[in-house]
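Worksheet: the structure to be examined is printed underneath.
The values are calculated or read from the model by the stated rules, or taken from the named source; none is laboratory data. Everything quoted here is computed from the prediction, not taken from an experiment. Cβ placement follows ideal geometry from the backbone for every residue including glycine, while neighbour counts extend to all protein chains displayed. All accessible areas refer to the heavy atoms of the entire protein, side chains included, with ligands and DNA or RNA removed. Shrake-Rupley method; radii C 1.70, N 1.55, O 1.52, S 1.80 Å.
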Amino acid sequence: MGSLLTRTGAWLQAKIFDPVLQVIRRGAEPKELAFSAALGVTIGIFPICGTTVILGAVAVAMLGSRCNAVTVMVLNLAATPIELSLIIPFLRLGETITGSGHFALTADALKNVLTGHASKDVLLSIVRAMLGWLVAAPFVLAVLYVISFPCFKVLVNRFGGIPSSPRTPIKAV
């Protein structure tokens, strides 16, 4: 058990904490980091597995310099376990919004999806899960931003380097 925890901690350090710390050391602003982190997690919980990296890349391309690509993508991928745990709540929210009955989540339904024999009901449930995410996403984004901004402010003050942003002139020493 201890070995698993050690490996998990090492993986988290190498794949999540170190890349974000490198971004902080390069002089990223706390607001940009908080928005990027919130955006990465919000997109990362989109209920269609395998699409979040593409959605994150599209968001980065559209937002350009208003977000930090590394932070968006790292937290997008880190949100995968959360994504998996929220598929059913998003489905149920979508069902509530549309007033439709509950879709029975059975092994046969999953088998039909995986083999490409999905019925109309399965496809509608996927659309309802996306609708549930679409309704929840602005609130998730806002809450994550509000929570992460003070954290990134502290991290930037503690670990931040010389600002390298073209918007911030570098002072001569």
(message) At 7 Å along Cα-to-Cβ for each site, give me the label-to-label distance between L141 and A109 in nm.
(response) 2.9 nm
(message) Using only the heavy atoms of the protein chains and a 1.4 Å probe, how would F159, F17 rank by accessible area, largest first?
(response) F17, F159
(message) Can you give me the solvent accessible area of T115 with a 1.4 Å probe, rounded to the nearest 10 Å²?
(response) 80 Å²
(request) Please state, rounded to one decimal and in Å, the Kirkwood hydrodynamic radius that the range 94-134 gives when every pair of distinct Cα atoms enters the mean of 1/r. (result) 10.5 Å
(message) Show me the trypsin sites (Lys or Arg not before Pro) within the range 1-86 that DSSP assigns to loop and that have at most 15 other Cβ atoms within 10 Å of their Cβ.
(response) R26
(message) I'd like the orientation of helix 30-44 relative to the chain: the angle between its Cα long axis and the longest Cα principal axis, in ° from 0 to 90, rounded to 10.
(response) 20 degrees
(message) Which of L131, L144, L12 ends up with the largest GNM mean-square fluctuation for the chain, with Cα atoms connected below 10 Å?
(response) L12
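How large is the accessible surface per residue of the range 1-84, computed with a 1.4 Å probe and reported in Å² as a whole number?
Working: 4400 Å² over 84 residues.
Value for the range 1-84: 52 Å² per residue.
Full-extension gain between T98 and R25, please, as 0.36 nm times their residue separation minus the C-alpha to C-alpha distance.
My answer for the length gained is 21.6 nm.
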(message) Nearest 10 degrees is fine. How inclined is helix 120-159 to the longest principal axis of the chain, computing both from alpha carbons?
(response) 20 degrees
(message) Using the basic label-point model (7 angstrom from Cα toward the beta carbon), what is the V58 to L84 distance in nanometres?
(response) 2.5 nm
(message) Tell me the mean residue ellipticity at 222 nm calculated for the chain from its helices only (DSSP H runs of n ≥ 4, each -39500 (n - 2.57), averaged over every residue, nearest 500).
(response) -23500 deg cm²/dmol
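Once neighbouring chains are kept in place and the probe is 1.4 Å, which whole percent of the accessible area of the range 8-54 is contributed by carbon and sulfur? If you can, show how the numbers build up before the last one.
Working: 1450 of 2180 Å².
On the range 8-54, the fraction of accessible area on carbon and sulfur atoms equals 67 percent.
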